[in-house]
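Scroll down for the structure; my scribbles are underneath it.
The values are calculated or read from the model by the stated rules, or taken from the named source; none is laboratory data. Because the structure is a prediction, the values reported are computed rather than measured. With ideal geometry, Cβ positions are generated from the backbone for all residues, glycine too; neighbour counts draw on all protein chains shown.
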Amino acid sequence: MALKNDLLIRALKRQDTERTPVWVMRQAGRYLPEYRKVRKQAGDFMTMAQNPEMVCEVTLQPLRRFPLDAVIIFSDILTIPDAMGLGLYFVTGEGPKFKRPIQNLQDVESLPVLNVNTDLKYVMDGIALTSKTLNEEVPLLGFCGSPWTLLTYMVEGGSSKTFSKAKTFLLNQTKAAHLLLQKITDASIDYLNAQIASGANAVQIFDSWGGSLSPEMYQTFSLDYMKQIVAGVKSKHPDTPVIMFSKGVQHNLTKMADCDADCLGVDWTTDLSLARELTQGKVALQGNLDPCILFADDDVIRAEVKKVLTSFGDGNGHIFNLGHGMQPDMKPEKLAVLVDAVRTYSTKAT
């Protein structure tokens, strides 16, 4: 069965579209009162993330409110390290933590090889149920975290502002670092392929902390491994689009465009016009409104949406998105203004 709305897929493949497709990162989240209700019912984050019915419900909530062109499965980038036995838990106000962070080569060598269809079956079940419930209305996106981004949490034991432990691990325990990155990479390839087999129409790699590395270290410890993931997905699912989103890496967009991903996510610190210049039409581009603009007045939101569309300019291959995710204290009404503005200003005359 064909997708009823395939705008996103066409844009990812740089084909003609009658308007710019729009979805936003973290569109299923705490800014929605209906999400908070399910979250309260679940009791804690992982209980909700491991319940396919709840996953399906919160994934589809944004689509009921807004005429979006895609939904992204409700999950977390840390499912792989959790399945590897690091003891993921969440602290209110502090985010994710691991009970058993990685400290040395022995810790890395003792990590299990995952069978994603059993160890992460709850993710596949959530995707399968959501895909069936969606009934081809819009594309369903799957995702994983980049190996470097997952390494930061696994070594730091949680989130970090400086990444000092993670970077020291790269520099002083390089063999262990590469082994860990490879283990995450291998698991991520299996994970994304299983998501596609379960019903995901496209997948995204979230490299949230790529911008914390120097260009040289980014190439060695992040981009090279993401390139492997893209190749591993494309070898099994050549027609499924892959989006690569690295935050804060303007200096590497040119290299990223040669990694065989279909689309690069761009954060709000880089104009799309420059991103187009750097990537030379090799990839579609996704982004890139500063999320904080959603705190502004409606007229300001509309004007800023128009600026993003103008910055990309004419041509195919643009997916409108935020330069990062929705924030918990944002108002749903503001996202409605954004979506309406994208649809209004990007519709092409026929």
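The table for this structure:
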read-out	value
Residue in the range 67-81 that is closer than 28 Å to G211 by Cβ, touching a residue at least 40 places away in the same chain (Cβ under 8 Å), not in a loop (DSSP other than H, G, I, E, B) and not hydrophobic (A, V, I, L, M, F, W, C) present	yes
Search result, residues across the range 208-220 that are of a type outside the set (G, A, S) and buried (at least 22 other Cβ atoms within 10 Å of the Cβ)	W209, L213, Y218
Condition met for T174 (β-branched (V, I, T) and more than 20 Å from V58 (Cβ to Cβ))	yes
Residue ID - nearest to L309 (Cα to Cα), chosen from residues in the range 341-350 that are more than 23 Å from the chain's Cα centre (by Cα) and of a type outside the set (G, A, S)	Y345
Residue that is surrounded by the most Cβ atoms within 10 Å (Cβ to Cβ), among those in the range 324-350 that are of a type in the set (A, V, I, L, M) and part of a helix (DSSP H, G or I)	V342
Close pairs from the range 249-273: first within 17 Å of Q228 (Cβ to Cβ) and in contact (Cβ under 8 Å) with a residue 60 or more places away in the chain, partner of a type in the set (K, R) and outside any helix (DSSP H, G or I), Cβ under 9 Å, at least 6 apart	D262/K13; D262/R14
Scope the range 295-323; condition out of contact with any Gly (no Cβ under 9 Å at 6 or more places or on another chain), within 30 Å of G93 (Cβ to Cβ) and either surrounded by 15 or more Cβ atoms within 10 Å (Cβ to Cβ) or among the charged types (D, E, K, R) (or both); matching residues	A296, D297, I301, E304
Filtered residues of the range 187-204 (kept if more than 15 Å from I77 (Cα to Cα) and either of a type in the set (D, E, K, R) or part of a loop (DSSP other than H, G, I, E, B) (or both))	G199, A200, N201
In the range 228-247, residue surrounded by the most Cβ atoms within 10 Å (Cβ to Cβ) [restricted to those that are of a type in the set (D, E, K, R) and closer than 25 Å to N288 by Cβ]	K247
Some residue of the range 2-21 being closer than 20 Å to I196 by Cβ, in a loop (DSSP other than H, G, I, E, B), of a type in the set (A, V, I, L, M, F, W, C) and over 22 Å from the mean Cα position of the chain (by Cα)	yes
Options A128, A70; residue that is surrounded by 14 or more Cβ atoms within 10 Å (Cβ to Cβ), farther than 17 Å from S146 by Cβ and either modelled with pLDDT under 95 or in contact with a Leu (Cβ under 7 Å, 6 or more places away or on another chain) (or both)	A70
Total residues in the range 101-118, condition buried (at least 16 other Cβ atoms within 10 Å of the Cβ), over 26 Å from S198 (Cα atoms) and in contact with a helix residue (DSSP H, G or I) (Cβ under 7 Å, 6 or more places away or on another chain)	3
